[in-house]
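Worksheet: the structure to be examined is printed underneath.
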Amino acid sequence: MKRPRIYVDTSVFGGCYDDEFRAVSLQFFDAVKDGDFIVVVSRATLDEINEAPMRVQKVLGNLTINSFELFSGNDSEIERRAKAYMDAGIIGRASTGDAIHILQPRQ
């Protein structure tokens with residue numbers, strides 16, 4: 001059986017250190033370590049994690065090579081679609097990063 005792939009943005013990694021989300025975030029990453037899921041991250045997520053506190057970076061660093069993958073999409077297409085979302089008023093200009101996260105996991 002093929003393991004489900006779940007796109008994870010930076011806030012899920014940071015959730016491991018947030019009082020409100022700690023328990024469920026740690027439970028999720030335990031399931032990933034047990035092989036229940038494959039975490040998919042985008043370049044945008046990696047860029048954000050690189051700027052995050054070291055403890056958040058370590059959450060990703062503690063995953064095995066078989067438990068995550070990098071989403072590989074066409075950057076110019078993602079940026080074009082993100083701009084279209086903002087132009088249509090679906091997402092505000094201040095949420096450009098969110099638009100990119102929404103669009104990147106598409107395969």
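The values are calculated or read from the model by the stated rules, or taken from the named source; none is laboratory data. Since this is a predicted model, take the numbers as computed values, not measurements. Every residue, glycine among them, receives a Cβ derived from its backbone with ideal geometry; neighbour counts consider all protein chains shown.
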key: Close pairs (9 angstrom Cβ cut-off, 6 or more residues apart or separate chains): among the acidic types (Asp, Glu) in the stretch 20-32, outside any helix (DSSP H, G or I) anywhere   = ASP30/ASP36
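Within the stretch 5-19, can one find any residue that is assigned by TED's automatic domain parsing to the domain that holds PHE68, surrounded by fewer than 18 Cβ atoms within 10 Å (Cβ to Cβ), touching a residue at least 60 places away in the same chain (Cβ under 8 Å) and in contact with a helix residue (DSSP H, G or I) (Cβ under 9 Å, 6 or more places away or on another chain)? Lay out the reasoning, then the answer.
Of the residues in the stretch 5-19, the ones assigned by TED's automatic domain parsing to the domain that holds PHE68 are 5-19.
Pick out the ones that are also surrounded by fewer than 18 Cβ atoms within 10 Å (Cβ to Cβ) and you get 5-7, 11, 17-19.
In the following step, the residues that additionally are touching a residue at least 60 places away in the same chain (Cβ under 8 Å) were identified as 5, 7.
With in contact with a helix residue (DSSP H, G or I) (Cβ under 9 Å, 6 or more places away or on another chain) added as a condition, the list becomes 7.
Checking the stretch 5-19: at least one residue is assigned by TED's automatic domain parsing to the domain that holds PHE68, surrounded by fewer than 18 Cβ atoms within 10 Å (Cβ to Cβ), touching a residue at least 60 places away in the same chain (Cβ under 8 Å) and in contact with a helix residue (DSSP H, G or I) (Cβ under 9 Å, 6 or more places away or on another chain).
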ask   = Applying the selection to the stretch 1-40, what residues are within 14 Å of the chain's Cα centre (by Cα), modelled with pLDDT under 90 and under 11 Å from SER67 (Cα atoms)?
value = ARG5, ILE6, VAL40
ask   = Quick check: is even one residue across the stretch 68-87 modelled with pLDDT of 75 or more, of a type in the set (Gly, Ala, Ser) and not in a strand (DSSP E or B)?
value = no
